């Protein structure tokens with residue numbers, strides 16, 4: 001259950017020695033039940049695919065220390081329950097101080113794609129709008145035969161919300177290690193992209209722009225820029 | 001008061017277990033009326049109900065279920081029309097860990113289908129109840145011990161009492177129940193309470209403990225069963241008291257962690273495999289006796305909210321007082337059915353036992369610790 005490989009490397013040392021403090025990027029992962037949120041976060045933090053995943057009750061939390069441009073950064077992933085009743089009254093606590101949002105849908109399940117506007121709205125209610133880096137992940141692209149959400153439709157949706165789109169698979173057909181490098185690297189790439197984005201954008205997030213009109217247009221610019229420059233991988 | 005009760009729980013366990021063994025050897029179940037108080041004590045004190053044979057006898061009595069009047073096996077027609085069908089199937093199919101390792105896939109598949117059936121049937125019969133993720137963890141625990149029809153009867157009873165608050169349309173009542181956790185900690189260890197308050201950790205780390213009676217987080221099924229003995233015999237808030245004892249038990253670890261929401265949440269959410277459950281159960285009971293729910297609610301100025309689980313508990317307990325023993329309950333054809341069903345369950349459980357030899361050995365050994373006479377009385 002615990003993601004042992006990723007359990008807080010060096011957290012005690014950090015507590016003992018004050019500065020330089022490791023920066024923490026908090027990323028919340030949301031989407032319908034069964035789309036693979038736990039798989040994705042586990043894959044990124046533990047470096048391997050989980051044997052089996054179960055329903056997430058409430059929220060679960062995973063962490064990994066990465067190095068970006070010589071700076072050590074902690075990436076905290078908050079894996080949330082998909083069932084609506086949990087997010088309505090339970091999960092709000094965890095939306096606080098979030099730096100980025102990863103929306104996940106299952107591209108073999110059209111309903112999970114149709115729920116995305118509700119999830120986006122949910123984030124807005126917790127003040128996580130376009131000023132916060134957000135990305136869209138279509139999971140389970142290994143199941144090519146049962147795809148229900150085409151890349152073009154998803155791309156259109158992502159564009160309209162100024163988000164980059166990734167299509168990936170958190171499933172490893174060859175269980176451990178070796179195997180399918182392309183997909184494995186992709187999960188890695190998704191979260192690292194967000195981390196890079198946050199690192200470059202951090203001052204923006206910290207110092208909130210005063211005028212709302214400016215912040216809106218800037219949000220759009222940032223988003224538009226993001227979807228161009230982040231690229232849209234598909235596997 | 002707490003310390004005194006802790007000591008009492010620890011020092012008296014030998015005599016209590018001997019007493020319990022004599023109760024379990026049959027007399028409490030066959031008295032007329034059934035000695036429900038004795039059964040509750042047996043289920044809650046050290047060792048619990050010992051084995052699944054006992055559980056099949058005692059669990060129904062703890063919930064006032066007539067074993068000769070069980071609901072019929074649910075039909076599969078139209079089950080996919082239920083609004084929660086997709087969610088239930090999704091959760092049940094993913095719950096492979098709940099089934100014993102080594103169980104043949106076909107057997108597990110059949111049990112998973114039964115699990116979907118009983119959950120949907122209970123929901124269908126009780127439109128006031130709403131499915132939550134984790135409900136399937138409760139259902140599977142019952143199913144693996146008592147079989148399909150009895151599991152359905154027990155699940156229905158629990159859903160209308162102990163689990164009732166979790167099954168509202170929203171989780172607001174569940175949040176209210178979770179709010180009892182911090183006041184208990186405050187009473188026992190103010191320093192720990194302050195630390196957790198400063199970390200703003202909240203109480204969601206204990207959510208799955210509460211709503212699945214720890215079934216979702218424990219990997220050893222024997223521990224889950226032991227806790228179910230305790231909770232079936234206790235007040236609906238008892239899982240919160242046990243949650244508090246677990247946090248208190250890990251007090252040192254918690255205080256040494258960085259005072260940060262994520263860190264503390266992560267530490268607490270992952271339960272160590274080797275918790276001394278018997279000790280913790282004794283302590284939870286001690287805490288409950290020292291700080292009963294009304295006292296906590298008053299001291300902590302918990303917002304008053306109508307909890308259906310709590311408000312219906314007294315009536316529920318009263319209803320269990322006048323149960324007739326099975327021998328008087330006039331076993332008719334239905335009784336035969338239950339016994340047959342029971343036999344099938346037994347075969348299944350012995351099948352599991354073969355693969356889980358170590359668990360059986362552990363139970364036998366625990367019984368042996370109390371002396372061979374007691375052991376012989378049992379089997």
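Each reported figure results from applying straightforward, stated rules to the coordinates on display, with no laboratory input. Values in this document were obtained by computation on a predicted structure and should not be read as measured data. Because the Cβ atoms are built from the backbone with ideal geometry, glycine has one as well, and the counts that use them run over all protein chains shown.
For the residues B:290, A:45, what sequence is obtained by ranking on other C-beta atoms within 10 Å, fewest first?
With the sparsest Cβ surroundings first, the list reads B:290, A:45.
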Review point. What is the range B:63-123 by shape, rounded, prolate or oblate, if you read a ≥ b ≥ c off the alpha carbon gyration tensor as root eigenvalues and call it rounded for a/c under 1.5, prolate for a/b larger than b/c, and oblate otherwise?
Key: oblate
Revision key, fill the gap. With a ≥ b ≥ c from the Cα gyration tensor eigenvalues, square-rooted, and the rule rounded for a/c under 1.5, otherwise prolate when a/b > b/c and oblate otherwise, the range B:238-324 is prolate
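Within 10 Å of each residue's Cβ, count the other Cβ atoms and sort A:152, B:260 from fewest upward. Mind showing how you got there, number by number?
Numbers: A:152 8, B:260 16.
Going from sparsest to densest Cβ surroundings: A:152, B:260.
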Check your understanding: Over the range B:240-289, what is the mean sequence separation of C-alpha contacts under 8 Å (at least six apart), divided by residue count, expressed as relative contact order in percent?
Key -> 60
Review point. Using the eigenvalues of the Cα gyration tensor, what equivalent ellipsoid semi-axes result for the range B:171-305 when each is taken as the square root of five times the eigenvalue, whole Å, largest first?
Key: 20, 19, 14
Practice item. Take the alpha carbon gyration tensor of the range A:34-100, find the square roots of its eigenvalues, order them as a ≥ b ≥ c, and report rounded if a/c is under 1.5; if not, report prolate when a/b exceeds b/c, else oblate. Key: oblate
Exercise for review: Averaged over every viewing direction, what's the projected area of the C-alpha convex hull for the range B:25-86? Give it in nm², one decimal, please.
Suggested key: 6.5
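What relative contact order, as a whole-number percentage, does the range B:79-166 give when Cα pairs under 8 Å and 6 or more residues apart are counted? Intermediate results must be reported in sequence, preceding the final value.
On the way: 60 pairs, mean separation 27.1, N = 88.
Averaging sequence separation for qualifying contacts and normalising by length gives 31 percent for the range B:79-166.
Relative contact order, percent, of the range B:147-231 when contacts are C-alpha pairs under 8 Å separated by at least 6 residues?
With pairs under 8 Å counted, the relative contact order is 16 percent.
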Point to revise | Whole-Å distance, taken between Cα centres, linking the range B:174-216 and the range A:34-83 | key: 24
